[in-house]
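The structure appears right after this line, and notes come after that.
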Amino acid sequence: MREQLLHMTRVLAGAIDHMRPFLPIAFEFYAIAGRRQDVRQFMMDAFQEYRDLMTGFIQVGIDRGEFRACDATSVALTLLALFEGLTLFWLVAPNEVDWKQQAVAAMGHVLDGLRVGESE
């Protein structure tokens, strides 16, 4: 699953790169979500779909014995937060970070921590 998750991260990086002109609009939803329940619910639904997908990938890795036993949903939430935060940082300071390079590195760090035999 490690290679599949790293590949998925690279594909996501390509999508983020294409969405770059629209990121200010996307992040405006965060501000609106703080004031409107319907927008907050829409964002929660989108995040839930992504978290469920990531949870499934992590769980497959656990089931195959590639990753140590852990709370797959918690790992998925961590990855979601990491990518959202990285995207926000990239929006604010695009010359300070290479989104793809940093996202792949961060995913690698998380996956290294999940390897069987690593300490909890």
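Residues that are free of Cβ contacts under 8 Å to residues at least 24 places away in the same chain, in a helix (DSSP H, G or I) and surrounded by fewer than 15 Cβ atoms within 10 Å (Cβ to Cβ) within the stretch 85-112 comprise GLY85, PHE89, VAL92, GLN101, ALA105, HIS109, ASP112, listed in sequence order. Name the residue that is modelled with the lowest pLDDT, counting only residues in the stretch 30-48 that are within 23 Å of THR73 (Cβ to Cβ) and more than 14 Å from the chain's Cα centre (by Cα). Within the stretch 30-48, the match that is modelled with the lowest pLDDT is TYR30. Taken over the stretch 47-78, the residue count meeting the criterion of being part of a helix (DSSP H, G or I) and either of a type in the set (Phe, Trp, Tyr) or within 18 Å of THR9 (Cβ to Cβ) (or both) is 19.
The single residue among ARG51, ARG10 that is within 12 Å of the chain's Cα centre (by Cα), among the basic types (Lys, Arg) and surrounded by 15 or more Cβ atoms within 10 Å (Cβ to Cβ) turns out to be ARG51. For the stretch 65-84, give me each residue that is buried (at least 17 other Cβ atoms within 10 Å of the Cβ) and free of Cβ contacts under 8 Å to residues at least 24 places away in the same chain. Answer for the stretch 65-84, where residues must be buried (at least 17 other Cβ atoms within 10 Å of the Cβ) and free of Cβ contacts under 8 Å to residues at least 24 places away in the same chain: just ALA72.
The values are calculated or read from the model by the stated rules, or taken from the named source; none is laboratory data. All of these numbers come straight from a predicted model, not from anything done at the bench. Every residue, glycine as well, gets a Cβ built from its backbone with ideal geometry; the counts of neighbours run over all protein chains shown.
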